[in-house]
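What follows is a short report on a single structure.
The values are calculated or read from the model by the stated rules, or taken from the named source; none is laboratory data. These numbers were taken from a predicted model, which means no experiment stands behind them. We place every Cβ from the backbone using ideal geometry, glycine too, and count neighbours over all the protein chains shown. Heads up: the accessible areas ignore ligands, DNA and RNA and are worked out on the full protein's heavy atoms, side chains in. Shrake-Rupley method; radii C 1.70, N 1.55, O 1.52, S 1.80 Å.
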Amino acid sequence: MSADPTQVLAFETDCHIFDGCGFPAPGLHSFLFEPLWGDADSNLYFNKPMLLALLGSVIIVGFFWAAFRKPKMVPGKLQSVAEMGYDFIRRGIVHETIGKREGEKYVPLVVSLFFFVWMMNLWSIIPVAQFPVTSIIAYPAVLALIVYVLWVSLTFKRHGFVGGWKNITGYDKSLGPVLPLAMLIEFFSNLIVRPFTHAVRLFANMFAGHTLLLLFTIASWYLLNGIGIAYAGVSFVMVIVMTAFELFIQALQAYVFVLLTCTFIQGALAKHH
């Protein structure tokens, strides 16, 4: 898929190889957008990623509302697709990770997270949109924060104040002299590193994937001159290959995000030994 023409200098200046201009490589500027409404200096504005996040939410809600508005015993195509997606998350992730009895109450949250993250990732290869919302760290960070707050609250609710800290710090008296060091490591790992990596894993994959798509797309245009046309063809093939690869990564990252969410919930509910 081609890059957003409002972001890429090559499309704006008609810059090609042998024209005397340098290769306009993608960078952080490719992830910055002018406000569609408001003033960026006031931090009160509405831009393209915000619009895509809003549209994505509407699409997800609209899809499931249309699918289950009038459910039938013999489902139609739309209901069948929605049921397959819901059941995949419910049985394949939640029940397998948390357990059927304990996990059922968390199914709505996990299903919502999966499809929201997936939709935000998919915008990267949808024409006109062509930008993964999750490549902006704020969006994965907020989602990871929701999971983090749920995990901490469940831990103390299930185990009490003392038991909650034992769960978080991995208290195990059988460790003997290394127990203090192990507890310190577990403390920082669970309370600081865990939410950070949960957010960054999603962000970094989408950021890198979008950058690669931009790189090969810009290169295809930049090389489209003289003998560079042959190389432009190779670069365009890479655009197609990377787009197909991104389709896989987008679904995989949504899956990994909710799988980790379920793992955290399961850890909060598990009995401390």
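Things to note:
- Cross-chain or 6+ apart pairs with Cβ under 9 Å, the range 40-57 first and in contact (Cβ under 8 Å) with a residue 12 or more places away in the chain, then outside any helix (DSSP H, G or I) and hydroxyl-bearing (Ser, Thr, Tyr): LYS48/THR6
- All conditions in (1) closer than 18 Å to TYR255 by Cβ; (2) open to solvent by 50 Å² or more (accessible area, probe 1.4 Å); (3) among the small types (Gly, Ala, Ser) hold for SER153, with the sole exception of (1).
- Test result for TRP165, open to solvent by 70 Å² or more (accessible area, probe 1.4 Å), within 19 Å of VAL61 (Cα to Cα) and in a helix (DSSP H, G or I): no
- Scanning the range 97-108 for residues that are part of a helix (DSSP H, G or I) and touching a residue at least 24 places away in the same chain (Cβ under 8 Å) yields a count of 4.
- Selected residue [open to solvent by less than 70 Å² (accessible area, probe 1.4 Å), assigned to a loop (DSSP other than H, G, I, E, B) and modelled with pLDDT under 95] from GLY267, GLY226: GLY226
- Cβ-Cβ under 8 Å pairs, at least 6 apart or on other chains, the range 110-138 side without any contact (Cβ under 8 Å) to a residue 60 or more places away in the chain and closer than 23 Å to LEU150 by Cα, far side of a type in the set (Ser, Thr, Tyr) and assigned to a helix (DSSP H, G or I): VAL111/TYR86
- When each of THR217, THR197 is tested for being part of a helix (DSSP H, G or I), polar (S, T, N, Q) and at pLDDT 95 or above, the lone residue that passes is THR197.
- Failed criterion for ALA3 (all others in (1) under 23 Å from the mean Cα position of the chain (by Cα); (2) at pLDDT 80 or above; (3) hydrophobic (A, V, I, L, M, F, W, C) hold): (2)
- Any hit, the range 204-221, residues being surrounded by fewer than 16 Cβ atoms within 10 Å (Cβ to Cβ) and of a type in the set (Ser, Thr, Tyr): no
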